[in-house]
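Some notes on the structure that comes next.
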Amino acid sequence: MSRYFFYLVFVNMVANVVASVPRILMGYRKEGAIISIIVSFCSGLIFCYIVTRFFNSFPGKGLPELTKKYLPRWISFIILFTFAFTWYIAGLITLITFSFLLKRFLTPDMPLLLITSIFLLFLSYGILMNSKSVLYTIEFVLLCCLPVIFIITLKAYTTSALKWDFIRESFMYIHHPPSFTAIAASTYLLLGGFNLIIFNRLFKEKQQINWKNMIFIGFTGGSILATTYFIPIGVLGFDAVGDIVYPWIITSDALRLEFFIIDRVLYIFLLLYLAISFVSVLIHWHVALELLKSIMWFKHIKWKKQNLTPYLFTGLFCLGSLKAVTYLTEYQLLEYTGYFLNYLFCSFAVMFGLFLFIKRRAKA
Amino acid sequence: MKIPIQRLRRPFLATALALSLILPSGCGFKDIDKRIFVLSIGIDHTDNEKKPYKVILKLAVPSRSLKESDTKYTYLTKESESFSSAIRLLKTHVDKELDFGHTKVIVFGEEILHHDLADITDFFLRRRDIQTVAWLAIGTPTAESVLKAEPASEMASSHALFNLFDQTGVESSYIISTYLFDFHRKMLETGIDPVLPVLRSSKNKKKIIVNSATLLAKNKAPINLSPQETKLYNLMNNNTQKLDIIVKEEKLLYTVSIDTAKTNFKIITKPKHKPVLKLDVTMKGIIEESNQHMNPKKLNTFSKYASKEVEKEITALLTRLQERGADPLGFGVRYKATHLHTRDTYKEWKKLYSEISFDVNVKVSIMSTGIIE
């Protein structure tokens, strides 16, 4: 597979921290979180495999091209619109969560709206770029961030603050049945492959995902899932972690790099995640925008020979997020994120029906 | 050369956008000369019922150059019913913004230990700017006396309290460093109890001594640990590698300096047997001091004496803790971590702990008699 495909998968894995996944999992630590993680690991890998295999058989084509070719127009419209909306919300959740984080930790004196607007300024420029440039941006940001994230993770595993007894204690709740919300939340980590619905347009060469690729994704996904869940428990304590709103942020604060320029890992961590969450929102909103463009194109809105449709959608995206960021409280955000992740899990399961249908039509 | 105005539009727009970014930074950010850094916070209990807390802040006074400056600190104190209101009021006592980003030590007065500590740490955890890697300590007789002590060896920009707990300056097996997050997790978790170091200031405020500790068992009166017990706690909790053992055997008196130490423990419960807590300590070191000639052939015997001595001391400490129902090493957590939670394992452990017997095995290996025999 092309390396750009792996970047798409990785961004979701790493960005789970700002999508409230750890917090949701911590809430279920006494109600079957571990089994849920194992279940979601399997289901996520299967999802990833199916979606990649599907798009591998249509090189160079995104979902809009396929639905238009093989489905009636109105069904295609509904499906693409729903997906566009889903992807928009996925990006929105990351954006709002990170704006809250910035407001809380980095720039407490700055108004929330201003933080979000600056974010949106760069995002708007980013999502209007063509898909190829978006992929290059992702590659660059990831290559800069992944080594540092790796070092912080290594530090987390080797620090004396990590008490393995707490982690072992969490295993003692393994006999509880899994919970749907926890499964849905942790599956989010492995859903990055679904961005192919647009980015497959760029993968024009015939390629096939093989078992080596899957083992690679499974290995990294599995270790990131385990890290996401167990490290905060080991550092913050099995009972105490339940009260903490951002488990991973506080975990990073509990690590200390004594001999580094900044000994508070929290700030390095936040800056890293500033980049990661930017890329994550960039991908999601770019997909949402391209989907919208494929179903709605206003020929008449023109200014100096340039069609303004994408700008219109971008404007709507920004307005929606500015409204949401002022309206939501932290608790509501968490609650709605939980609902959204549940919905995401179900909708992707439904998506496979669509894939099957398209595949049959294509064969016929 | 004439450039058409159309072509200038894009650069102009880009410049305008870039310049507009200056505006937001102007209102959210305070320059460093408008800030004053709080180094440590002290909390004492007053007898005044309406204003039970006395908050003391130690501030670093900025100086122009390192050469000419003496160590300069200034203090703010305020009595109030809550920390936030005290700090809001203290803000009006200085002309600069109080910055808690460098607060690394929080000292509780001895008196306050008899009140709910979870209440007090709440403020520090909830606030974003206080590090969760701040060290907690207990000040005797009061937190104020400890904060206001300025040891003679203290230099500008190197706060003595920081150096005591950060094990990069002084390293000692008598010092316990407890981070805020560590204290918090041990306060909330059942089956493990937090231990805080005790800072003692001398009367002339020129010295701070830290070599004992207080164990805060849940729902129990605080238990004071002597320096010797503090050292043993550090040893058993794998906090320290370097310590000394004094051995007295008949007329022979010698000191072993340990440089590697490791402790493991295991809870053994067999049906129809008394529960046993097996604690293994392995240590390696050399002889540092002796009142007699040390025969290198008898190193094994010396090791054995040392092992027995430590075994005795550890067993005595563990028994004392067991009698008081305190568990600083997390035996309870280990029990919870090794038994499936199909029933209330902690309740089970509480019953077990009162009747458990200790099997302490210490293995000291003395590698050398030092430079001389």
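Which ones in segment B:222-234 are more than 15 Å from residue B:310 (Cα to Cα) and either open to solvent by 60 Å² or more (accessible area, probe 1.4 Å) or not hydrophobic (A, V, I, L, M, F, W, C) (or both)?
Step one: list which residues in segment B:222-234 are more than 15 Å from residue B:310 (Cα to Cα), which gives B:222-226.
Listed by number, the residues that qualify are B:222, B:224, B:226.
Keeping to segment A:22-38, report how many residues are under 18 Å from the mean Cα position of the chain (by Cα) and among the basic types (Lys, Arg). Explain how you work it out, then say what you get.
Restricting attention to segment A:22-38, the residues satisfying the condition of being under 18 Å from the mean Cα position of the chain (by Cα) are A:22-25, A:37.
After this cut, where a residue has to be among the basic types (Lys, Arg) as well, the list is A:23.
Result for segment A:22-38: 1.
Run residue A:259 past the list (1) in a helix (DSSP H, G or I); (2) within 14 Å of chain B (Cβ to nearest Cβ) and report the number of the one that doesn't hold.
Checking residue A:259 against (1) in a helix (DSSP H, G or I); (2) within 14 Å of chain B (Cβ to nearest Cβ), the one that fails is (1).
Inside segment A:78-183, counting only helices (runs of 4 or more DSSP H) that do not spill past its ends, which hold 2 or more residues that are away from every other protein chain (no Cβ under 14 Å)? Before you say what the answer is, go through the steps one by one.
Numbers: elements: A:112-128, A:131-158, A:164-171.
Correct list: A:112-128, A:131-158.
Do you know which residues across segment B:318-340 are closer than 20 Å to residue B:238 by Cβ, part of a helix (DSSP H, G or I) and either at the interface with chain A (Cβ under 7 Å from one of its Cβ atoms) or not aromatic (Phe, Trp, Tyr) (or both)? Show your work before the answer.
Let us first name the residues in segment B:318-340 that are closer than 20 Å to residue B:238 by Cβ, namely B:318, B:321, B:326-338.
Narrowing the set further to residues that are part of a helix (DSSP H, G or I) leaves B:318, B:321, B:331-338.
Passing the criteria: B:318, B:321, B:332, B:333, B:334, B:336, B:337, B:338.
When you look at residue B:358, is it surrounded by 13 or more Cβ atoms within 10 Å (Cβ to Cβ), modelled with pLDDT of 90 or more and within 14 Å of chain A (Cβ to nearest Cβ), yes or no?
Details: surrounded by 13 or more Cβ atoms within 10 Å (Cβ to Cβ): yes; modelled with pLDDT of 90 or more: yes; within 14 Å of chain A (Cβ to nearest Cβ): no.
Against the criterion (surrounded by 13 or more Cβ atoms within 10 Å (Cβ to Cβ), modelled with pLDDT of 90 or more and within 14 Å of chain A (Cβ to nearest Cβ)), residue B:358 does not qualify.
Can you name every residue in segment B:133-155 that is among the aliphatic types (A, V, I, L, M) and buried (at least 18 other Cβ atoms within 10 Å of the Cβ)? Reasoning before the result, please.
Here is the first cut: in segment B:133-155, the residues among the aliphatic types (A, V, I, L, M) are B:133-134, B:136-138, B:143, B:146-147, B:149, B:152, B:155.
Answer for segment B:133-155, where residues must be among the aliphatic types (A, V, I, L, M) and buried (at least 18 other Cβ atoms within 10 Å of the Cβ): B:133, B:134, B:136, B:137, B:138, B:143, B:146, B:147, B:149.
Test of understanding: among B:237, B:219, B:163, B:204, which residue is open to solvent by 20 Å² or more (accessible area, probe 1.4 Å), polar (S, T, N, Q), farther than 17 Å from residue B:106 by Cα and within 14 Å of chain A (Cβ to nearest Cβ)?
Working: B:219 fails: within 14 Å of chain A (Cβ to nearest Cβ); B:163 fails: farther than 17 Å from residue B:106 by Cα; B:204 fails: within 14 Å of chain A (Cβ to nearest Cβ).
Going through B:237, B:219, B:163, B:204 in turn, just one is open to solvent by 20 Å² or more (accessible area, probe 1.4 Å), polar (S, T, N, Q), farther than 17 Å from residue B:106 by Cα and within 14 Å of chain A (Cβ to nearest Cβ): B:237.
Taking segment A:242-254 on its own, how many of its residues are facing chain B (nearest Cβ under 8 Å) and of a type in the set (A, V, I, L, M, F, W, C)?
The number of residues fulfilling the criteria is 2.
Tally up the residues in segment A:11-33 that are open to solvent by 30 Å² or more (accessible area, probe 1.4 Å) and part of a helix (DSSP H, G or I), please.
Of the residues in segment A:11-33, 2 are open to solvent by 30 Å² or more (accessible area, probe 1.4 Å) and part of a helix (DSSP H, G or I).
If you go through segment B:169-214 one residue at a time, how many are free of Cβ contacts under 8 Å to residues at least 12 places away in the same chain and of a type in the set (S, T, N, Q)?
Matching residues across segment B:169-214 total 1.
Which one of A:235, A:281 is among the β-branched types (Val, Ile, Thr), open to solvent by less than 20 Å² (accessible area, probe 1.4 Å) and away from every other protein chain (no Cβ under 13 Å)? Give the derivation first.
On the way: A:235 fails: away from every other protein chain (no Cβ under 13 Å).
Selected residue: A:281, the only one of A:235, A:281 that is among the β-branched types (Val, Ile, Thr), open to solvent by less than 20 Å² (accessible area, probe 1.4 Å) and away from every other protein chain (no Cβ under 13 Å).
So if I check each of B:106, B:138, B:175, which one is farther than 29 Å from residue A:243 by Cβ, at pLDDT 85 or above and within 12 Å of the chain's Cα centre (by Cα)? Can you show your working first?
On the way: B:106 fails: farther than 29 Å from residue A:243 by Cβ; B:138 fails: farther than 29 Å from residue A:243 by Cβ.
From the options B:106, B:138, B:175, the qualifying one is B:175.
Only one residue in B:262, B:278, B:266 is within 14 Å of chain A (Cβ to nearest Cβ), assigned to a strand (DSSP E or B), more than 22 Å from the chain's Cα centre (by Cα) and under 30 Å from residue B:182 (Cα atoms), so which one is that?
Values: B:262 fails: more than 22 Å from the chain's Cα centre (by Cα); B:278 fails: within 14 Å of chain A (Cβ to nearest Cβ).
The match here is B:266.
The values are calculated or read from the model by the stated rules, or taken from the named source; none is laboratory data. It should be emphasised that the depicted structure is a prediction, and the values quoted were computed from it without experimental measurement. Positions of Cβ are backbone-derived with ideal geometry, glycine not excepted, and every protein chain shown enters the neighbour counts. Heavy atoms of the whole protein, side chains included, go into the accessibility calculation; ligands, DNA and RNA do not. Shrake-Rupley method; radii C 1.70, N 1.55, O 1.52, S 1.80 Å.
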